[in-house]
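The values are calculated or read from the model by the stated rules, or taken from the named source; none is laboratory data. Just so it is clear, the model here is predicted, and its values are computed rather than measured. For neighbour counting, all protein chains shown are included, and Cβ atoms are generated from backbone atoms with ideal geometry for every residue, glycine included.
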Amino acid sequence: MKAIPVIRLGTRRSPLAMAQAHETRARLCAAHGWDESAVELVPVVAGGDKVQDRPLADVGGKALWTRELDAWLDEGRIDAAVHSLKDVETIRPEWITLAAILPRADRRDVLLGASSLRSIPQGATLGTSAPRRAAQMKNLRPDIETVLFRGNVATRMAKLQAGEADVTLLAAAGLERLGQESVGTPLPLETWLPAPSQGAIGIECRTKDSVTRGHLDALNDAPTRREVEAERALLEALGGSCHSPVGVLVENADEGLHMRAALFSADGAERVDGTIELTPGDVEAIRAFAADLLARATPGITPLFTGAS
């Protein structure tokens, strides 16, 4: 007779999402001394996986990655949902709780198709669907053009191999979780900022499900949570959406947190930067920092930060 699982973990069906779910299951079983059968993985096809020919921002934004899993949580078909946290909206329903954030992996972007930004040929094409990556590249290399790249890691790598673009960018954490950490050249954080929450896996559950929350609490990594909550708070304070080219990096420091952020115009020609030292949980300081960035933003930047993500 098949054992009844303790937790049913919902996940998207992509190879990377499944790898993240397997990591979550392994950590749960290690933390509680469970057999693998105690955690059932329940794959869901997300809306974002169905639409590959248009930018995410044009077809529903980040909700395309969470909508189906949210519905399954609400219906009780799963107990928790595993997400790439950078794909989760900053404002979530009150009935959903971000119960655990796993230790953060490499937060850098990786360049494929060239050994460095400087070595990319003049007038080359960048394949990406991310406004941040496109704008940041145009800011540093105005000669480079962008073409739409959607799909999972393997699909984008195949498009690059087929010559649909000269270079592309992927998250180092995703490559690492797929066992492809030797692919491409990681870009230094000093010159290339990642997306908010990049490299972090979040597990959500129903707010009122105290049993599941208790199980997941054992997985929560406090240093990662401090960083990620600050990055998400900045994105919310900026009114950022999927159209918003913003890079942000928060790092734990001796006395608190160090935050660095940059906002871009869509074409990368305009940029505003800022840094701040803050204590964990100081949302007011983050809001003041966001207000300062927006006050210094140029006309090409401001309209991109007007709605919540």
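Here are the numbers for this structure:
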item	result
Residues of region 83-123 classified as touching a Gly at 6+ places or on another chain (Cβ under 7 Å) and β-branched (V, I, T), total	3
Residue within region 175-193 that is of a type in the set (K, R) and surrounded by 23 or more Cβ atoms within 10 Å (Cβ to Cβ) present	yes
Residue check for L304: more than 20 Å from I91 (Cβ to Cβ), more than 17 Å from the chain's Cα centre (by Cα) and buried (at least 22 other Cβ atoms within 10 Å of the Cβ)	no
Residue ID - farthest from the chain's Cα centre (by Cα), chosen from residues in region 131-162 that are assigned to a loop (DSSP other than H, G, I, E, B) and crowded, with 20+ Cβ neighbours inside 10 Å	I144
Test: residue in region 250-259 that is within 20 Å of the chain's Cα centre (by Cα), farther than 30 Å from E75 by Cβ and of a type in the set (S, T, N, Q)	yes
Odd one out for A165, checked against (1) in a helix (DSSP H, G or I); (2) not assigned by TED's automatic domain parsing to the domain that holds R12	(1)
Answer from L111, L98, L126 - the residue that is of a type outside the set (K, R), assigned to a strand (DSSP E or B) and within 22 Å of L219 (Cα to Cα)	L98
Subset of region 94-109 (residues that are more than 14 Å from the chain's Cα centre (by Cα) and either at pLDDT below 95 or surrounded by 19 or more Cβ atoms within 10 Å (Cβ to Cβ) (or both))	T97, L98, A99, A100
All positions within region 91-129 that are of a type in the set (D, E, K, R) and in contact (Cβ under 8 Å) with a residue 60 or more places away in the chain	R92, E94, R104, D106, R107, R108, D109
Yes/no for I144 being in contact with a His (Cβ under 9 Å, 6 or more places away or on another chain) and not basic (K, R)	no
Residue tally, condition crowded, with 24+ Cβ neighbours inside 10 Å and in a loop (DSSP other than H, G, I, E, B), over region 196-210	5
Residue that is surrounded by the fewest Cβ atoms within 10 Å (Cβ to Cβ), among those in region 231-255 that are assigned to a strand (DSSP E or B) and modelled with pLDDT of 95 or more	E251
